[in-house]
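Below is one structure, written out as structure tokens; comments come after it.
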Amino acid sequence: MSPAGLLTLLNLIFMLVVGSYFWSMMRTQQTNRSVIERESRKELEKLKRMRAISLTEPLSERARPRDLGELIGQEEGLKALRAALCGPNPQHVIIYGPPGVGKTAAARIILEEAKKHPLSPFRPSAVFVEMDGATARFDDRGIADPLIGSVHDPIYQGAGALGVAGIPQPKPGAVTKAHGGILFIDEIGELHPIQMNKLLKVLEDRKVLLESAYYSSEDPNIPPHIHDIFQNGLPADFRLVGATTRLPEEIPAAIRSRCVEVFFRALTPEEVETIARQAATRVGLKLQEEAAGVIRAHAQNGRDAVNMVQLAGGLAAVEKRSEITRADVEWVVESGQYTRRVDARLTGEPRVGLAYGLGVAGPGIGLVMEIEAVASRSEKPGAGRLRLTGVVEEEEVNGLGKTVRRKSLVRGSVDNVLAVLRHHLGLPVYDYDIDINFPGGAAVDGPSAGVTLATAVASAILGRAVAGDIAMTGEVSLLGDVRPVGGIIPKIEAAVRAGARRIVVPEGNWHERLRDRKETQVIPVRRLGEVLELALEPVVAGRSWHG
């Protein structure tokens, strides 16, 4: 055979081998595609059968507020939220408040309100994207980040056709999905610090910048849209609404400084009862008056009230009754081990050594606390002792890599008060054995209880009763000044609910809105002597407490 013929034969054999290879590849791909399509049809049929099965909607979903009129008890918080989001320049927001008071529902409803505002930048298509800060976990290697977004590099399994071609693929996160709308992060205080820092950067830039070692701006194989993403970033112009049950000081200062802070308060027993009645109406059941009273006494928030109605309603439905009775709700309380609400009330009766102070138990949650004091002459002048009960006298503080053991803030406040009573008001406090008690184990932050401690101790030493209609808050300085304290609005609201007719607050906390209080007088003071003149009765003629 001639060389030319041999070359032709070899070319023919080579072409046959290559053709057979590609033919085999095509048949394999067709077979794989056929298998994939068959499996996909089976799975779609399974999904269709599953979606055809639908249980009734839980009462917790049916009872969710759908408009502002259905949100109970958050008038001030809603007003602040509307001001922050419904205007022409919406702000980022952090909502503080206890669980079950409507933070998530309020954010959803306010967005719908904002869409209707003619000057609002939110378009009708603006979305509400919800995430949970406690579960928004990310991969340390940057493979996945549901909040910020990530890049699927070609080395990762399942990279697809683009990955086979060596092309990195950007994957948008919630910040991009919320573009033009609201990103709601529940329990924002639980976000990982790395995610929090990335979120701060996105809030500043209003876009997400992604990186990949596999990206080259000179690679002609990379599609134009991926070039655009790596060079200009993914859009992320949204408004952040974070919700938390933490205290403001527990949230990083960097995120707080970029947000308007809105406070939702705890619901009153009457508001909890209203929510329970609405829930019963939506399931077509009547709630007996006595049954509503049991819910009012035990439900701590709206979610508790709805859950109690749902379980009691289930019991009534099983027994084919259309009414929820007191026995039904009492069974729910017992089986669910609900604790009765403890709502302190002022007795109105003057008592020696008993003063009512105001504190904060959480974001927007004010409370009234009793402080009791008993004093008796010590055996030797100047040898009086002091004993505290109901609070911790020492505490450990962790920070900066070390643990410091120190006197508690409450104990420090008591020592400070005794010094003021002695040096500025002339009371011989060290000639007395003094016992101070904080009934009920209330959380006392120390400084803001100063005026209440001073009033209780002065009353015990002098034997003069403290008026039973007055509640107070304020820090006492060593010079006898009454200094401003935090949480003044929830404290005042708690005092009003407890039946206080007079509320003493530091002058530094006073503003004109506090003047408009029905049946309650808010009194600003500058000095401890003013507090004692208001609180102790009867007033001794010629005696002045202005030290």
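Please find, within region 248-262, the residue that is surrounded by the most Cβ atoms within 10 Å (Cβ to Cβ) out of those that are over 14 Å from E187 (Cα atoms) and among the aliphatic types (A, V, I, L, M).
V262
Restricting to region 194-225, what's the tally of residues that are out of contact with any Gly (no Cβ under 7 Å at 6 or more places or on another chain), of a type in the set (A, V, I, L, M) and in contact (Cβ under 8 Å) with a residue 60 or more places away in the chain?
Selection size over region 194-225: 2.
At pLDDT 95 or above and outside any helix (DSSP H, G or I), is that true of L183?
In short, yes.
Report every pair of residues separated by at least 6 positions or lying on different chains whose Cβ atoms are under 6 Å apart, first residue within region 116-131 and within 9 Å of A178 (Cα to Cα), second among the hydrophobic types (A, V, I, L, M, F, W, C) and assigned to a loop (DSSP other than H, G, I, E, B).
Pairs that qualify, where the first residue is within 9 Å of A178 (Cα to Cα) and the partner is among the hydrophobic types (A, V, I, L, M, F, W, C) and assigned to a loop (DSSP other than H, G, I, E, B), are V129/A178.
Of the residues that make up region 207-218, is at least one at pLDDT 90 or above, more than 21 Å from P154 (Cβ to Cβ), in the same structural domain as V101 (by TED's automatic domain parsing) and surrounded by 14 or more Cβ atoms within 10 Å (Cβ to Cβ)?
Yes: region 207-218 contains one or more residues that are at pLDDT 90 or above, more than 21 Å from P154 (Cβ to Cβ), in the same structural domain as V101 (by TED's automatic domain parsing) and surrounded by 14 or more Cβ atoms within 10 Å (Cβ to Cβ).
For region 253-274, check the following and say yes or no: at least one residue is of a type outside the set (D, E), closer than 24 Å to A361 by Cα and in contact with a His (Cβ under 8 Å, 6 or more places away or on another chain).
Yes.
Checking the structure you have, find out if any residue of region 241-258 is over 20 Å from Q195 (Cβ atoms) and among the β-branched types (V, I, T).
no
Among residues belonging to region 332-380 that are among the hydroxyl-bearing types (S, T, Y) and over 27 Å from the mean Cα position of the chain (by Cα), point out the one that is modelled with the lowest pLDDT.
Filtering region 332-380 for residues that are among the hydroxyl-bearing types (S, T, Y) and over 27 Å from the mean Cα position of the chain (by Cα), the one modelled with the lowest pLDDT comes out as T347.
Collect the residues in region 239-255 that are assigned to a helix (DSSP H, G or I), farther than 19 Å from A174 by Cβ and in contact (Cβ under 8 Å) with a residue 12 or more places away in the chain, keeping them in residue-number order.
P248, E250, A254
Any idea which of (1) farther than 30 Å from F238 by Cα; (2) surrounded by fewer than 24 Cβ atoms within 10 Å (Cβ to Cβ); (3) out of contact with any Pro (no Cβ under 8 Å at 6 or more places or on another chain) is the one V360 doesn't satisfy?
(3)
Confirm whether V272 is within 23 Å of K491 (Cα to Cα), touching a Leu at 6+ places or on another chain (Cβ under 6 Å) and either assigned to a loop (DSSP other than H, G, I, E, B) or not acidic (D, E) (or both).
no
Looking at region 222-238 only, could you name the residues that are in a loop (DSSP other than H, G, I, E, B) and surrounded by fewer than 19 Cβ atoms within 10 Å (Cβ to Cβ)?
P223, G233, D237, listed by residue number.
When you scan region 308-321, do you find a residue that is outside the structural domain of V101 (by TED's automatic domain parsing), on the phi > 0 side of the Ramachandran plot and out of contact with any strand residue (DSSP E or B) (no Cβ under 8 Å at 6 or more places or on another chain), even just one?
There is at least one residue in region 308-321 that is outside the structural domain of V101 (by TED's automatic domain parsing), on the phi > 0 side of the Ramachandran plot and out of contact with any strand residue (DSSP E or B) (no Cβ under 8 Å at 6 or more places or on another chain).
Condition (residue is under 29 Å from the mean Cα position of the chain (by Cα), in a loop (DSSP other than H, G, I, E, B) and in contact (Cβ under 8 Å) with a residue 40 or more places away in the chain) applied to region 309-331: is it met by at least one residue?
No, that holds for no residue.
Every residue in region 301-345 that is under 12 Å from L287 (Cα atoms), surrounded by 13 or more Cβ atoms within 10 Å (Cβ to Cβ) and hydroxyl-bearing (S, T, Y), please.
T325
If you take the residues in region 286-300 that are within 29 Å of the chain's Cα centre (by Cα) and buried (at least 21 other Cβ atoms within 10 Å of the Cβ), which one is nearest to G362 (Cα to Cα)?
Ranking the candidates gives A299 first.
Pairs only if they're at least six apart or on different chains, beta carbon under 8 angstrom, first in region 268-287 and under 10 Å from V309 (Cβ atoms), second surrounded by fewer than 22 Cβ atoms within 10 Å (Cβ to Cβ) and among the polar types (S, T, N, Q); list them, first residue then second.
A279/Q310; V283/Q310; L285/S322
Restricting to region 102-135, what's the tally of residues that are among the β-branched types (V, I, T) and at pLDDT below 90?
Selection size over region 102-135: 1.
On the phi < 0 side of the Ramachandran plot and either modelled with pLDDT of 85 or more or in the same structural domain as G463 (by TED's automatic domain parsing) (or both): which single residue out of G384, G401 fits that description?
Sole residue among the options that is on the phi < 0 side of the Ramachandran plot and either modelled with pLDDT of 85 or more or in the same structural domain as G463 (by TED's automatic domain parsing) (or both): G384.
The values are calculated or read from the model by the stated rules, or taken from the named source; none is laboratory data. The shown structure was predicted, so the numbers you read here are calculated from the model rather than taken from an experiment. Using ideal geometry, Cβ is built from the backbone for each residue, glycine included, and neighbour counts are taken over all protein chains shown.
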